[in-house]
Amino acid sequence: MASFSTPPPCSSPSPPPPSLPLAKGQDQPVRGVKISFSVMEGSGQTSKDEISIDGLPQDEGVPLLQKKVTQKYEARKKKLGMIFGVTIPCILSIFSVVLFLRLGMVVGQAGFLETIVMLLIGYSVVVLTVLSISAIATNGNVEGGGVYFMISRALGPEFGGSIGAIFVIANIFGSATYIIGFVEALVSNFGDGSLFYPENYTLTHPVLPESYGYKLLYGSIILLFCLIVCLVGAGLFAKTTFIIFILVMTSIISCLVSFGYMMGPFPVPIAPDNTLKDSDVSFNYTGFSFGTFTDNFFSHYEKDYTQMKKLSFQLVFAILFNGCTGIMAGANISGELKSPSTAIPQGTLLACGITFCIYVVLFTLTAFTCEYEMLINNYNYLQYINIRPWLITVGVFAATLSAALSNLIGASRVLYALAKDRLFSGILHPFTWTVGKKKEPIVSVLLCWFLVQCTLFIGKLNAIAPIVTMFFLLSYGVVNLACLALKFASAPNFRPTFQFYSRYTSFLGALSCFVLMFVIQPLYAAITLVIMILLFVILLLRSPATPWGDVSQALIYHQVRKYLLRLDIRKSHVKFWRPEILLMVTNPRSSFRMIKFCNDLKKGGLYVLGHVVVQPFNPEVADYYNKQLKTWLDFVEISKFKAFVELTVSDTFRAGTRSLLTAAGLGGMKPNILGLGFYSKEVPQSCLTDLKEQVEKRSKFVRVMIRDTTLNKYDDINRDLPPLRQTEDDQILSQMEYVGVVQDAMTMGKNICILRHFEQFDNKPKAHPYIDVWPLCVRFNEEFENTFTLMMQLACVLHMKDSWKSSTKIRIFVVTETSSDGVMERTVMYDFLKDARIDAEVIIISQPVGISMSDSINTFTESFTSAARLGRGVAYYRNINGLMMENSLNASVIFTALPVPPEDINKAKDYINELSVLSNNLPPTVMVHGSMPVITNSI
């Protein structure tokens, strides 16, 4: 057993984490390895810990053990536990400005009944959100960044980054709100006409002027103090938090005592800055009175004397809800917590319970003792009825200052996390700069300070409160959506240790947040959502690939699986037939244009690019397979083809293709067309430069805006794809194997398309404005019917694509021996086109081609080994090829029939020769064989 100990530091700097002293090159497994180490705590005491692993190979065990040591060591250095790191900051953030400066206003305006309803609604939303936060926080290790970290790692960079930015804004407005509340209390106590005692005690010489400019100056000074604390670090704030908490709780206790101690009635004057009433008007503190409670039970909405605007249920709730937000105070400094996954849920729920009880008690006592006129005309009433008025002043200052600090620190930490993840490219890179051993994000703090300073110009607490509420409701709503998405995706790795949640609580929490946003202020809600959507779109286009995982993939998987199970192949009908293509590709370098053509041909159907790695399976081939699969997937991605990639390893091309024909697709989505390039020994030419040109056609501005990296990926693809054949002898695919693939596909009932000359395909139909179909015979037998209808269907599908429809027309060439046959064939063809709803031009060519109409049918359908077929095939195809060259050289693509392959595989060379004669010197040509009905007249 190996063990060692790290001595405690003799000075304040923390020592480096212990390293693992195991000899390199050991082959035996790590067994019974234990590491013990010591860490000097802030109190000066030394704590010990140990980690052990057993039974892992050296190359796995050593790094794993070192990682565990480092993680444990770093965790031991973190100072904040549940109470001091979560519960107390949350309580202070929740109480903040509402408790001391707007509690009376809420009861006076809304009445006790509506106040309790508002409180229940607010805390219901908050508690539901806490349940979702707790579930996410206990499903893994939570690092710095708080809610942003949790959302980005749960929903992916787009949602995480956008909601992280929204949360930064919410905290900035929140910090400004609390600073304005601090200033309001400051001038109320030390400004002109300030009142300290119920006996109308007035300061003889007011200390502070009260103009708008002076209030802005006071707020800026307080904000500067907050900035200094933030620059020193969250540790200093945490050390002072408990003192602030004691001051706030002392003020609250003094309020509770005063309601029982102060016997009424006695008059309480209106606020000094209240211009709605005469300055000599006062209202009564009645003491406990059921009559007062009755008067306060229902609402009395009047003008707010700070804004000269009549309030309503929605506006009062928006202000009250600010007294419920603050549940993220602990999560915002998750990087400072010893155990975030346990401290966040337990500490936040405890804070919610404590604050809710205190609110209910204070609302009840206020409703029983204070006239509503007093409450709506003097928001600072608690100070006038307190046995020690200065305690309320201290409580207000402490609560608002701590909340402002908490929000400023939270905003800077989330901004720093956003910048560190580089979601907004290099725009936020300067905000990753840190200073000191504690790595304080100084630049992020300075930016947040500047934005709060700008927000202070608004100057009115009640004006900012609805904005803060909007951003926090949106943040909470997305947190609930994140938990709902994780639960709905049913990912096996979503196993939070916190069990008091469900998909219903998450859904109700999200729905409540979004509904309340539009109930409170529809315009603000719409603006907030637009901001988030814009951020989401920017991140969707510009965010880099991240290793966190994306819940959207889990949700898509969940839904796709569900609907694939419902897609029953037994219920398929020809009315809803569409091309589902398996295109076998030897190398995308030479096949790019053919792949692009088939991408236009799929009509929303399944499109699979198949490739066979012809090698005996072994570990080296498996590694090559994995690398090639990534390269092919990158190729499909930057090409914008809507295709899947299926690679397989097989001893032969025929066996691999047969495997793909049977295995490609899933459920009711299976290929019904096999696409093959034409067999040739000629050295292929690369057309992969078309892909580079396609990428470069995007404007430079667009590439910069969406952070386009496809040019870099193109270079990687061009490097990693295998090279093309250099000589004819490099062709390893035999003619017999190729024809065998065609035989297999026909045996399996698949349609077949053999594509030739697509190295000429330029995807510019305007230069070649025709899609030509050469069915070669119309009075077909049953076997040829499927081939003819498939040719027509594919031509029609291609013409339905916008780029083809606007610049091409379908032409159908019918070859007859005599003009009298032509009249009949034209009639038959137009009847078919009418029934099939296909717009096409019919061209009759009356010209002898060496065989009769019935023989032409047999040429395509009868056995290759028959004597008649052998005697006439090549000559017939040469004549047809001549007609095609004469009439279709200006076509973009030609569809014609594919002859049936020989039963005797030894005739493969003759069969390929016939195909070559039929399609020589033509534009891009598709030779088609149909095995199933694809057109119907049914409705």
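The values are calculated or read from the model by the stated rules, or taken from the named source; none is laboratory data. Bear in mind that the values here come from a model prediction, so they are computed numbers and not experimental data. Ideal geometry is used to build each Cβ from the backbone, glycine not excepted, and the neighbour counts take in all protein chains shown. Calculation scope for accessible area: heavy atoms of the full protein, side chains included, ligands and nucleic acids excluded. Shrake-Rupley method; radii C 1.70, N 1.55, O 1.52, S 1.80 Å.
The figures follow:
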| item | result |
| --- | --- |
| Qualifying position, being of a type in the set (Ser, Thr, Tyr) and more than 42 Å from the chain's Cα centre (by Cα), among Thr241, Thr325, Thr250 | Thr250 |
| Lone unmet requirement of (1) under 30 Å from Met932 (Cα atoms); (2) at pLDDT 85 or above for Leu688 | (1) |
| Residue within the range 798-814 that is at pLDDT below 85, over 42 Å from the mean Cα position of the chain (by Cα), surrounded by fewer than 21 Cβ atoms within 10 Å (Cβ to Cβ) and among the charged types (D, E, K, R) present | no |
| Condition check for Ile121: open to solvent by 10 Å² or more (accessible area, probe 1.4 Å) and either at pLDDT 80 or above or within 23 Å of Leu539 (Cβ to Cβ) (or both) | yes |
| Residues that are open to solvent by 50 Å² or more (accessible area, probe 1.4 Å) and touching a helix residue (DSSP H, G or I) at 6+ places or on another chain (Cβ under 8 Å), drawn from the range 241-272 | Phe242, Leu247, Thr250, Leu256, Pro272 |
| Hits in the range 469-513 (condition: under 13 Å from Thr129 (Cβ atoms), over 19 Å from the mean Cα position of the chain (by Cα) and hydroxyl-bearing (Ser, Thr, Tyr)) | Tyr501, Thr505, Ser512 |
| Which numbered condition Val828 misses (of (1) over 24 Å from Gly677 (Cα atoms); (2) open to solvent by less than 10 Å² (accessible area, probe 1.4 Å)) | (2) |
| So Gly260, is it assigned to a helix (DSSP H, G or I) and in the same structural domain as Glu373 (by the TED database) | yes |
| Matching residues, the range 432-466, being assigned to a loop (DSSP other than H, G, I, E, B) and of a type in the set (Phe, Trp, Tyr) | Trp433 |
| All positions within the range 432-471 that are open to solvent by 10 Å² or more (accessible area, probe 1.4 Å), free of Cβ contacts under 8 Å to residues at least 40 places away in the same chain and not aliphatic (A, V, I, L, M) | Thr432, Trp433, Thr434, Lys439, Phe450, Cys454 |
| Subset of the range 535-557 [outside any loop (DSSP other than H, G, I, E, B) and surrounded by 14 or more Cβ atoms within 10 Å (Cβ to Cβ)] | Leu535, Phe536, Ile538, Leu539, Leu540, Arg542, Val551, Ser552, Ala554, Leu555 |
| Residue among Arg578, Arg589 that alone is within 22 Å of Glu646 (Cα to Cα), open to solvent by 50 Å² or more (accessible area, probe 1.4 Å), touching a residue at least 12 places away in the same chain (Cβ under 8 Å) and of a type in the set (D, E, K, R) | Arg578 |
| Restricting the range 609-632 to residues that are aromatic (Phe, Trp, Tyr) and in a helix (DSSP H, G or I), the residue that is farthest from the chain's Cα centre (by Cα) | Tyr624 |
| Selection status of Lys642, in contact with a Lys or Arg (Cβ under 8 Å, 6 or more places away or on another chain), in the same structural domain as Leu711 (by the TED database) and at positive phi | no |
| Single condition Asn599 does not satisfy, out of (1) open to solvent by 30 Å² or more (accessible area, probe 1.4 Å); (2) polar (S, T, N, Q); (3) over 20 Å from the mean Cα position of the chain (by Cα) | (1) |
| Subset of the range 736-755 (residues that are crowded, with 21+ Cβ neighbours inside 10 Å and more than 42 Å from the chain's Cα centre (by Cα)) | Tyr738, Val739, Val741, Val742 |
| Residue ID - nearest to the chain's Cα centre (by Cα), chosen from residues in the range 766-791 that are aliphatic (A, V, I, L, M) and at pLDDT below 75 | Ala767 |
| Single residue of the range 911-939 satisfying the filter (of a type in the set (A, V, I, L, M) and not in a loop (DSSP other than H, G, I, E, B)) that is farthest from Leu889 (Cα to Cα) | Ile912 |
| Scope the range 233-290; condition touching a Phe, Trp or Tyr at 6+ places or on another chain (Cβ under 9 Å), at pLDDT 85 or above, under 29 Å from Leu80 (Cα atoms) and not hydrophobic (A, V, I, L, M, F, W, C); matching residues | Ser251 |
| The range 633-684 - residue that is basic (Lys, Arg) and within 29 Å of the chain's Cα centre (by Cα) and, of those, most open to solvent (accessible area, probe 1.4 Å) | Lys642 |
| Helices (runs of 4 or more DSSP H) enclosed by the range 79-169 - at least 1 residues per element that are within 23 Å of Ser412 (Cβ to Cβ) and charged (D, E, K, R) | 146-155 |
